[in-house]
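Below is one structure, written out as structure tokens; comments come after it.
The values are calculated or read from the model by the stated rules, or taken from the named source; none is laboratory data. Only a predicted model underlies this, so the values are computations on that prediction, with no experimental measurement involved. Using ideal geometry, Cβ is built from the backbone for each residue, glycine included, and neighbour counts are taken over all protein chains shown.
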């Protein structure tokens, strides 16, 4: 009997220990009023993807914060609770208060941060999900009362929503510095009052924008069309507009971070890796800064200087413009006939539109109803009929876009982007047409000259067969040909010619001959050149082209365009001529 009496308390103690252990096991991802966590304790999501715990940024401060981190050695922080009220020592803890809110408290039990649920439920617990969302649930029915995704810090995770409406607009906010998670100067999200697109704001001023969303990509981010389909999704939830993103790859996850300097970073984390890899940044050049060239200015990172006025416009403040301060933008040289007499015709010569290819369309677009304009032609006609419409663009995924008054934040791309039509006076359009005719004449002369030279080169080649050699590789002239004139001729790199011609932009194309197109370009020293780029289908081989180089380098005549050099890189065959206006 005595043994049984002693055994009962032991069994009871074991049962209590077992129940407590099971409770701790089932609550490994959960915080409740009965199970808080104290520094340095943590909870981990069920799939071991994320953890919630205490940290000091950069491990260089005594300040302690509570945050959600990726469960990897680098402990990348993606959300911070008490970002503006740090713990001053390691006595802090996280719990659910008696009223049902999730709170961070210091050693004196002062609340430094709270979930601030409007109508909290006393019987609640907080759970860290495998998505990275920290949610507060009502225990009785599992209903979610609050989630950290509703108040993100600087990270945009998969399935998180950004956007909303004017009353509740979910945005990222940057850290103040890499070691200070308090609210910084920059924010990232969408403006509910504008067309759907992403913005980065510096305070209240736009700092960067993605360009409008066309249902598949953001048309102001070149390169998205090739690899970003279906990553982003626009959700309209009862009048609130949100963007979400996902990444369908079982071996990796993707997320975005707004840095303390205002740059959005795309990161990919591969399973088993200790660190994520940055795969894209929002700020790739000065031209990505919002409004770099001011109203009616266009920014081209391949051009020096990067800012120029659109055709038909001139710097508003020439002195400041020449100093490199371009934010004042440009003003129209001549008033539109449309505005002069409320008619688009003056002496039978109407205003018109000049097309700009591959550009980032301006900010503040007005979307024209689809029923009014569902083609580019209809879009242009409606703009022509409205004197306040100074530009238009049409995109199948977006529709017809019009701009009134000033236009800002235009950037020239080498690919992707959109076509933008700017309203100009007839005199400016006529000037453009004259330039095009001039280019056509130059192109014809270059093309005809190339054919003549090629034919002549064939006969010269017959006499030079004893000097024939074999090229060791593309990118180097024929090493075994004993011809001093070739060796004296400058070799241009493919990269140099790409920059000079704006990546062989169509707007720089002068014409096309029998052996390929000819482009106008400008070298870094300001010299204008004409680049003859032999097409891959051209029958003119390396031997013939080499002989052309030899022949034209020997000839000197005032009516013959001077050959400056050549390029044999990346399986390209190009000749560089002096550009001459006709």
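Considering 561, 582, 549, which residue is in a loop (DSSP other than H, G, I, E, B), in contact with a strand residue (DSSP E or B) (Cβ under 6 Å, 6 or more places away or on another chain) and at pLDDT below 85?
Details: 582 fails: in contact with a strand residue (DSSP E or B) (Cβ under 6 Å, 6 or more places away or on another chain); 549 fails: in a loop (DSSP other than H, G, I, E, B).
After ruling out the rest, the residue left standing is 561.
Across the stretch 174-207, what is the number of residues that are surrounded by fewer than 16 Cβ atoms within 10 Å (Cβ to Cβ) and part of a loop (DSSP other than H, G, I, E, B)?
Of the residues in the stretch 174-207, 6 are surrounded by fewer than 16 Cβ atoms within 10 Å (Cβ to Cβ) and part of a loop (DSSP other than H, G, I, E, B).
Select from the stretch 149-159 the residues that are touching a residue at least 60 places away in the same chain (Cβ under 8 Å) and part of a loop (DSSP other than H, G, I, E, B) and write down the one among them that is nearest to residue 115 (Cα to Cα).
Here is the first cut: in the stretch 149-159, the ones touching a residue at least 60 places away in the same chain (Cβ under 8 Å) are 152-159.
Next cut, part of a loop (DSSP other than H, G, I, E, B) only: 152-154, 157-159.
Values: 152: 12, 153: 14, 154: 18, 157: 20, 158: 22, 159: 21 Å.
Top of the filtered list is 152.
Kindly establish whether residue 235 is assigned to a strand (DSSP E or B), outside the structural domain of residue 49 (by TED's automatic domain parsing), exposed (fewer than 14 other Cβ atoms within 10 Å of the Cβ) and touching a residue at least 12 places away in the same chain (Cβ under 8 Å). Give the steps one after another, and end with the answer.
Values: assigned to a strand (DSSP E or B): yes; outside the structural domain of residue 49 (by TED's automatic domain parsing): yes; exposed (fewer than 14 other Cβ atoms within 10 Å of the Cβ): yes; touching a residue at least 12 places away in the same chain (Cβ under 8 Å): yes.
Judged against the criteria, residue 235 is a match.
Quick one: count up the residues across the stretch 302-344 that are closer than 25 Å to residue 285 by Cα and free of Cβ contacts under 8 Å to residues at least 24 places away in the same chain.
18
Whether any residue in the stretch 317-324 is in contact with a helix residue (DSSP H, G or I) (Cβ under 9 Å, 6 or more places away or on another chain) and farther than 30 Å from residue 77 by Cα is what I want to check. Step through it out loud before you land on a result.
Start the filter on the stretch 317-324 by keeping residues that are in contact with a helix residue (DSSP H, G or I) (Cβ under 9 Å, 6 or more places away or on another chain), which leaves none.
The answer is no, given that none of the residues of the stretch 317-324 is in contact with a helix residue (DSSP H, G or I) (Cβ under 9 Å, 6 or more places away or on another chain) and farther than 30 Å from residue 77 by Cα.
What's the number of the only condition in (1) farther than 16 Å from residue 232 by Cβ; (2) outside any loop (DSSP other than H, G, I, E, B) that residue 279 fails to meet?
(1)
When residues of the stretch 117-128 are filtered for being closer than 24 Å to residue 92 by Cβ and either free of Cβ contacts under 8 Å to residues at least 24 places away in the same chain or in contact with a strand residue (DSSP E or B) (Cβ under 6 Å, 6 or more places away or on another chain) (or both), how many remain? I'd like the intermediate steps shown before the answer.
Kept after step one, since they are closer than 24 Å to residue 92 by Cβ, are these residues of the stretch 117-128: 117, 120, 122, 124-128.
Those still in the list that are either free of Cβ contacts under 8 Å to residues at least 24 places away in the same chain or in contact with a strand residue (DSSP E or B) (Cβ under 6 Å, 6 or more places away or on another chain) (or both) too: 117, 124-128.
Residues in the stretch 117-128 being closer than 24 Å to residue 92 by Cβ and either free of Cβ contacts under 8 Å to residues at least 24 places away in the same chain or in contact with a strand residue (DSSP E or B) (Cβ under 6 Å, 6 or more places away or on another chain) (or both): 6 in total.
Would you mention how many residues in the stretch 191-247 are on the phi > 0 side of the Ramachandran plot and either modelled with pLDDT of 90 or more or in contact with a strand residue (DSSP E or B) (Cβ under 9 Å, 6 or more places away or on another chain) (or both)?
Residues meeting the conditions: 4.
Taking the stated definitions as given, is residue 212 farther than 16 Å from residue 156 by Cα, within 14 Å of the chain's Cα centre (by Cα) and in the same structural domain as residue 170 (by TED's automatic domain parsing)?
Details: farther than 16 Å from residue 156 by Cα: yes; within 14 Å of the chain's Cα centre (by Cα): yes; in the same structural domain as residue 170 (by TED's automatic domain parsing): yes.
Yes.
Filtering the stretch 248-260 down to residues that are in contact (Cβ under 8 Å) with a residue 40 or more places away in the chain and assigned to a loop (DSSP other than H, G, I, E, B), which residue is farthest from residue 209 (Cα to Cα)?
Here is the first cut: in the stretch 248-260, the residues in contact (Cβ under 8 Å) with a residue 40 or more places away in the chain are 253-260.
If we keep only those that are assigned to a loop (DSSP other than H, G, I, E, B) too, we end up with 259-260.
On the way: 259: 15, 260: 17 Å.
Among residues in the stretch 248-260 that are in contact (Cβ under 8 Å) with a residue 40 or more places away in the chain and assigned to a loop (DSSP other than H, G, I, E, B), the one farthest from residue 209 (Cα to Cα) is 260.
Would you confirm whether or not the stretch 106-126 contains a residue that is part of a loop (DSSP other than H, G, I, E, B), within 27 Å of residue 246 (Cβ to Cβ) and out of contact with any helix residue (DSSP H, G or I) (no Cβ under 6 Å at 6 or more places or on another chain)?
Here is the first cut: in the stretch 106-126, the residues part of a loop (DSSP other than H, G, I, E, B) are 106-110, 115-123.
With the extra rule that they be within 27 Å of residue 246 (Cβ to Cβ), the set shrinks to 115.
Those left that are additionally out of contact with any helix residue (DSSP H, G or I) (no Cβ under 6 Å at 6 or more places or on another chain): 115.
Checked against the condition, which is being part of a loop (DSSP other than H, G, I, E, B), within 27 Å of residue 246 (Cβ to Cβ) and out of contact with any helix residue (DSSP H, G or I) (no Cβ under 6 Å at 6 or more places or on another chain), the stretch 106-126 yields at least one hit.
Which one of these is outside the structural domain of residue 269 (by TED's automatic domain parsing) and assigned to a strand (DSSP E or B): 78, 72? Show your work before the answer.
On the way: 72 fails: assigned to a strand (DSSP E or B).
Result of the check over 78, 72: 78.
For the stretch 389-430, which fully contained strands (runs of 3 or more DSSP E) count at least 1 residues that are without any contact (Cβ under 8 Å) to a residue 60 or more places away in the chain? Before the answer, list the steps.
Working: elements: 389-395, 399-404, 410-412, 418-424.
Result: 389-395, 399-404.
Looking at (1) surrounded by fewer than 17 Cβ atoms within 10 Å (Cβ to Cβ); (2) in contact with a strand residue (DSSP E or B) (Cβ under 8 Å, 6 or more places away or on another chain), can you tell me which one residue 350 breaks?
(2)
Among the residues of the stretch 65-105, what is the count of those that are surrounded by fewer than 16 Cβ atoms within 10 Å (Cβ to Cβ) and within 28 Å of the chain's Cα centre (by Cα)?
Residues in the stretch 65-105 being surrounded by fewer than 16 Cβ atoms within 10 Å (Cβ to Cβ) and within 28 Å of the chain's Cα centre (by Cα): 2 in total.
What's the number of the condition residue 189 fails, among (1) under 15 Å from the mean Cα position of the chain (by Cα); (2) touching a residue at least 60 places away in the same chain (Cβ under 8 Å)?
With (1) under 15 Å from the mean Cα position of the chain (by Cα); (2) touching a residue at least 60 places away in the same chain (Cβ under 8 Å) applied to residue 189, the lone miss is (2).
Here are some conditions: (1) surrounded by 16 or more Cβ atoms within 10 Å (Cβ to Cβ); (2) at pLDDT below 95. Residue 159 meets all but one. Which one does it not meet?
(1)
If you scan the stretch 405-438, which residues turn out to be more than 22 Å from residue 306 (Cα to Cα) and either touching a helix residue (DSSP H, G or I) at 6+ places or on another chain (Cβ under 9 Å) or at pLDDT 85 or above (or both)? It would help to see each step written out before you state the result.
Going through the stretch 405-438, the residues more than 22 Å from residue 306 (Cα to Cα) turn out to be 405, 423-431, 433-438.
Result: 423, 424, 425, 426, 427, 428, 429.
Among the residues of the stretch 160-173, how many are out of contact with any strand residue (DSSP E or B) (no Cβ under 6 Å at 6 or more places or on another chain) and not in a strand (DSSP E or B)? Before you say what the answer is, go through the steps one by one.
The first filter runs over the stretch 160-173 and keeps only residues out of contact with any strand residue (DSSP E or B) (no Cβ under 6 Å at 6 or more places or on another chain), leaving 160, 166-169.
Those left that are additionally not in a strand (DSSP E or B): 160, 166-168.
Of the residues in the stretch 160-173, 4 are out of contact with any strand residue (DSSP E or B) (no Cβ under 6 Å at 6 or more places or on another chain) and not in a strand (DSSP E or B).
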